[in-house]
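The values are calculated or read from the model by the stated rules, or taken from the named source; none is laboratory data. All figures in this text were calculated on a predicted structure; none of them were measured in a lab. Glycine also receives a Cβ, built like all others from the backbone with ideal geometry; neighbour counts cover every protein chain displayed.
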Amino acid sequence: MKAYWYLTRASGAVSLILLTVAVVVGILSIGRVQSQRWPRFVIDGVHRSSSLLAVAFLAVHVATAVLDSFAPISLLDAVIPFAGSYRPLWLGLGAVALDLLLAVTITSLLRRRLGHRRWRMVHWLAYATWPIAVVHSLGTGSDVRLAWLQLTCAVCGAAVVAAVLARIAIGWPAHRRIRIGALGALTAALVSVALWLPQGPLGHDWAKRAGTPTNLLPASERGARS
Amino acid sequence: MSLPRLLAGIDDLPMDQRRHTSVHGELPRWRATELLAELERSGLRGRGGGGFPLALKLAAVRRGGSSPVVVVNGTESEPMSTKDRLLMWCAPHLIVDGAVALADAIGAAEVIFCLDELEPRIHESLHREIGERAEGRRLTMGIVATPGGYVTGHESAIVHWHDDGIATPLPNPPRVSERGVRRRPTLVANVETVAHVALIARHGADWFRELGTEADPGTALITLSGAVADPGVYEIAHGEPLASLLRTAGGASEPIRAFLVGGYGGGWVDAGELPKLRLSRAQLRPFGTRLGAGVVVALGQSACPVAEIARAAEWLSAQSAGQCGPCIHGLGSIAAGMASIRDGDDPPTLDRVARWCELVTGRGACAHPDGVAEFISSALRVFAPELIDHAELGRCDACDASPTLTLSGTHAVH
Amino acid sequence: MRIEIDPIACDGHGLCAELLPELIALDEWGYPLIADREVPPELEALARRAASVCPTLALRLAPRHRAGQR
């Protein structure tokens, strides 16, 4: 049913936006950004709510992707990365992001029982979840050439980059090495994406190069040499 | 039997087992429950500074479960105290006796002796004596060297150091009597306390109570320093007038301004109160101080109390384990405030400093900030004239004199 | 119900004081000062939220008549 295909793309995008909100708010919260109108417990509430909503939309995203008959995506492909037949690498990244997000969510729900230290170790994975989710959406989706997805990713990206820069700046120069490392990682990530996009998802024959099964390719691309 | 008790037979060299037995007699073996009852009757309280009744500690450890451990705390992190080192160097067998008796009483199979890593001589001597005693007993005895630092001597810091190599206090609850070394119920007892146990095991609770007061029975070791002719370790019966101890120590070497009783966790008392000062926990309480680990310092009139306090406050602030916000910030503010008062450099009011003392009390994981608060609050009361003077006029001539209060191990065994 | 703070875990984030100003104030360094009384029933839900929202899980709720610390 065509509706599933639309739903999966839409819910994926919404989930990414919500995840971005959660990450940005989380970064600002731990950086102890305060204001009179936004008490910290409210900021904490926004972080928790947006994360849980992101998970909810992610569930819809996965369910509709599986239900949709166009692409051969099974439920297993959603949690076990790189084993599927549809764009295995890029879809697989989505599975990785899902697994990480599940770990972060479950440990957060059980935070009181686990204790602060163990919860915190797992929560750091959130910093990996977000960029993996972004790369997944750029690589897997067929909408990457469309303005709305590009705009969404750009805005989300800008928001997270801004939040990370702000976080690195607060309390500088304490923990200098970690901050410089983070700055380096951020720069490397941005440069990589900037280099990859034009050759990758925005380049020619991406659907084929990304691993879309041949029978699903538009006729024009079938049999085309890479 | 009268004084000396703990210090009986002591001279400059360690007493070997033969001499120890000739001075003190053989150690009788007790049934666990009977020794525990005897210790309770004796009213013996800890001599490490806390003053907690030993019988209560023993009961808590016994309730704690199986495989308890005995830790003999010889870290002596109170800088101006030398009594524990003296006992460990001169009377090691007395301490081992007490440790063994305690281990038997609570059913412990392991005894750990702790002492400062900067005392290799004592370490070697103790190691030898333990070696001689351990044979033929189902008791493991070992020595652990602890790093320097004021909070290192805290019960839970010792456990933390032993298990994880980090010498900072642990959250409480749980108490170390429930969960200490390797998560087992642990009795941490000061060296002097353990030595008293060895004597009570020989002579009984009634004997112990022959000296001292009803509320604070027995004897105690006092490390006396400052403006006295013969500073050093003295054994007193609880309740002895400070004036009498001073006479025994050859008298004051100059007119005294005030006494510090209880070390850095204790409090200051004006010299005018000397006729009323008697050395026991209960009798010191009305003066806002306590005997603690038995440190008494006489501050001469030639010293500058403000400079002394400011210097001590800075050191005490640096000694914070750095785990609890109120301690880190509070002691920091107090130290900076005292320095500003000494220098007359935009100083805080005395009320402000007193407020900081209130703010740090009871808000840390250990009693370090509480001790500092008492030390400083009593100074604010006793030295108010000098403090106000400095706040207005800045440093005085005596500020740079050689200090009376010692900060860290310049330990010479007397 | 009583509020207890683990002083080692507490980092002075201050969310607890935002939620429960009736029982928790902040000292001049941002660390919590807890009123020495039981949590009244009408504030119990907020107390539970404060325990849940504490970034370092330093705030704990103890049942009434807990024996003294240290």
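Can you find a residue in the range A:62-73 that is more than 19 Å from the chain's Cα centre (by Cα), assigned to a helix (DSSP H, G or I) and within 14 Å of another protein chain (Cβ to nearest Cβ)?
No, every residue in the range A:62-73 fails to be more than 19 Å from the chain's Cα centre (by Cα), assigned to a helix (DSSP H, G or I) and within 14 Å of another protein chain (Cβ to nearest Cβ).
Please go through the range C:6-15 and pick out each residue that is in contact with a Cys (Cβ under 8 Å, 6 or more places away or on another chain) and either within 13 Å of chain B (Cβ to nearest Cβ) or closer than 17 Å to B:His329 by Cα (or both).
Residues satisfying the conditions are C:Pro7, C:Ile8, C:Cys10, C:His13.
So which of B:Gly322, B:Gly330 ends up being surrounded by fewer than 17 Cβ atoms within 10 Å (Cβ to Cβ) and within 16 Å of B:Val151 (Cβ to Cβ)?
Among B:Gly322, B:Gly330, only B:Gly322 is surrounded by fewer than 17 Cβ atoms within 10 Å (Cβ to Cβ) and within 16 Å of B:Val151 (Cβ to Cβ).
Check A:Leu58, A:Leu53 and return the single one that is away from chain C (no Cβ under 14 Å), crowded, with 18+ Cβ neighbours inside 10 Å, within 17 Å of A:Val23 (Cβ to Cβ) and among the aliphatic types (A, V, I, L, M).
A:Leu58 is the lone residue from the list that is away from chain C (no Cβ under 14 Å), crowded, with 18+ Cβ neighbours inside 10 Å, within 17 Å of A:Val23 (Cβ to Cβ) and among the aliphatic types (A, V, I, L, M).
Pull up the range A:56-107, narrow it to residues that are in contact (Cβ under 8 Å) with a residue 60 or more places away in the chain and polar (S, T, N, Q), then point me to the one that is farthest from A:His136 (Cα to Cα).
A:Ser69
Against the conditions (1) at pLDDT 95 or above; (2) in a helix (DSSP H, G or I); (3) not aliphatic (A, V, I, L, M), where does B:Asn73 fall short? Just the number, please.
(2)
Determine which member of the set B:Ala195, B:Ala189, B:Ala157 is touching a residue at least 60 places away in the same chain (Cβ under 8 Å), of a type in the set (Gly, Ala, Ser) and under 20 Å from B:Val23 (Cα atoms).
None of the others qualify; the one that does is B:Ala195.
Against the conditions (1) surrounded by fewer than 24 Cβ atoms within 10 Å (Cβ to Cβ); (2) closer than 24 Å to B:Ala157 by Cβ, where does B:Arg18 fall short? Just the number, please.
(2)
Is it fair to say B:Phe287 is crowded, with 20+ Cβ neighbours inside 10 Å and aromatic (Phe, Trp, Tyr)?
No, not satisfied.
Here are some residues: B:Gly272, B:Gly292. Which one is of a type outside the set (Ser, Thr, Tyr) and at pLDDT below 95?
Answer to the selection: B:Gly292.
When the range B:186-204 is examined, which residues are found to be touching an Asp or Glu at 6+ places or on another chain (Cβ under 6 Å) and either aromatic (Phe, Trp, Tyr) or closer than 15 Å to B:Ala105 by Cα (or both)?
Within the range B:186-204, B:Val188, B:Ala198 meet the criteria.
Scan the range A:168-178 and give yes if some residue there is crowded, with 17+ Cβ neighbours inside 10 Å, in a helix (DSSP H, G or I) and not β-branched (Val, Ile, Thr), otherwise no.
no
Are any residues in the range B:389-414 in a helix (DSSP H, G or I), of a type outside the set (A, V, I, L, M, F, W, C) and closer than 26 Å to B:His329 by Cβ, and if so, which ones?
Answer for the range B:389-414, where residues must be in a helix (DSSP H, G or I), of a type outside the set (A, V, I, L, M, F, W, C) and closer than 26 Å to B:His329 by Cβ: just B:His390.
Of (1) in a helix (DSSP H, G or I); (2) buried (at least 23 other Cβ atoms within 10 Å of the Cβ), B:His203 satisfies all except one. Which?
(2)
Can you give me the number of residues within the range B:301-334 that are assigned to a helix (DSSP H, G or I) and away from chain C (no Cβ under 14 Å)?
So the answer is 13.
Being surrounded by 20 or more Cβ atoms within 10 Å (Cβ to Cβ) and more than 10 Å from every other protein chain (Cβ to nearest Cβ) is the filter here, so list the residues in the range C:21-52 that pass it.
Scanning the range C:21-52 gives C:Leu23, C:Ile24, C:Val39, C:Ala47.
How many residues are within 14 Å of chain C (Cβ to nearest Cβ) and among the small types (Gly, Ala, Ser) if we restrict to the range A:1-48?
5
Specify the residue that is nearest to the other protein chains (Cβ to nearest Cβ); the eligible residues are those in the range B:335-388 that are outside any helix (DSSP H, G or I) and charged (D, E, K, R).
Out of the qualifying residues, it is B:Arg363.
Checking B:Gly272 against (1) touching a helix residue (DSSP H, G or I) at 6+ places or on another chain (Cβ under 9 Å); (2) part of a helix (DSSP H, G or I); (3) not charged (D, E, K, R), which test does it fail?
Among (1) touching a helix residue (DSSP H, G or I) at 6+ places or on another chain (Cβ under 9 Å); (2) part of a helix (DSSP H, G or I); (3) not charged (D, E, K, R), the lone unmet condition for B:Gly272 is (1).
Where in the range B:82-182 are there helices (runs of 4 or more DSSP H), lying fully within it, with 2 or more residues that are of a type in the set (Val, Ile, Thr) and within 22 Å of B:Val61 (Cβ to Cβ)?
Qualifying helices (runs of 4 or more DSSP H): B:92-106, B:155-164.
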